[in-house]
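One structure is given below, encoded as structure tokens.
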Amino acid sequence: MKVLVLFYSAYGHTYQLAKAVAEGAKTIDNIEVALKRVPETLPEELQKSIGIYEAQKAFADIPIATIEELPEYDAIIFGTPTRFGMMASQMKAFLDGTGGLWAKGALIGKIGSVFTSTATQHGGQETTIFSFYSVLLHHGMLVAGLPYSFAGQSTMDEISGGSPYGASTITGPNGKRMPSQNELDAAYYQGTHIAKLLK
């Protein structure tokens with residue numbers, strides 16, 4: 001059984017969650033896990049001017065996925081930062097290219113799940129994941145989130161991402177806050193949860 005953790009990350013926050021998701025999925029026997037990213041679509045000059053060109057060097061060695069390979073996986077766990085309460089355009093552009101897979105029903109019955117990052121607590125963590133799931137449902141995928149059996153989801157000890165829709169992190173308005181241990185634990189748990197469901 002094969003799991004793909006497929007992400008887009010501008011400054012590294014979603015990448016950190018993606019690594020934790022992949023590590024969680026790897027804990028389940030006989031589950032093969034791949035970590036891949038979607039292509040960057042912004043022009044290089046713009047990438048440099050907003051600071052993501054340098055930030056993305058930290059995960060430049062992660063292979064870029066192709067649309068054609070998606071049917072090879074039994075579960076796909078998607079990670080995207082939030083852009084105005086929705087998925088990032090880079091992820092949307094990638095998914096917009098999956099019409100051929102939709103026409104063939106190539107993803108029907110596969111498990112889909114989503115995690116995200118936002119600058120603020122109420123900057124679209126839930127709307128991003130919830131709206132992302134409509135794409136997966138159009139593909140006939142089985143949607144799974146982050147159950148409340150992950151106790152960290154109910155923490156009152158700190159400001160933390162995480163909802164029943166999926167793991168998430170809060171980057172802060174200047175982007176300097178990286179995922180907390182609780183947020184990484186949520187991502188790890190989500191990866192484990194999806195792999196268990198798949199098995």
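Tabulated data
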| quantity | calculated |
| --- | --- |
| Hz values of 3J(HN,Hα) by residue in region 134-151 - Karplus curve (6.51, -1.76, 1.60), Gly and Pro given as x | 5, 5, 5, 5, 4, 7, x, 7, 8, 8, 9, x, 10, x, 5, 5, 7, 4 |
| Nonlocal amide H pairs with VAL33, under 5 Å, H built at 1.01 Å | VAL3 |
| For peptides 41-54, 158-171, 132-145, sequence by mean Cβ density within 10 Å, most packed first | 158-171, 132-145, 41-54 |
| Burial order of peptide ranges 23-32, 107-116 (average beta-carbon count within 10 Å, highest first) | 107-116, 23-32 |
| ALA93 paired with TYR148, simple spin-label distance in nm, labels 7 Å along Cα-to-beta-carbon | 4.0 nm |
| Whole-Hz couplings from phi, Karplus 6.51/-1.76/1.60, listed for region 13-25; x for Gly and Pro | 5, 5, 4, 4, 5, 4, 4, 5, 4, 4, 4, x, 5 |
| Computed over the chain: relative contact order in percent, which uses C-alpha pairs under 8 Å that are six or more apart | 28 percent |
| Percent of beta bridges antiparallel (DSSP, the chain, rounded to nearest 5) | 10 percent |
| In sequence order, calculated HN-Hα J values of region 99-106 (Karplus, 6.51, -1.76, 1.60; Hz; x Gly/Pro) | x, x, 5, 4, 4, 8, x, 5 |
| Per-q log10 I(q)/I(0), region 2-198, q = 0.12, 0.19 Å⁻¹ (Debye; single scatterer per alpha-carbon; no solvent) | -0.53, -1.38 |
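None of the figures in this text is laboratory data; all of them are computed from the coordinates on show. Fair warning: this is a prediction, and the values are worked out from it, not measured in the lab. Virtual Cβ from ideal backbone geometry, glycine too; neighbours counted across all protein chains shown.
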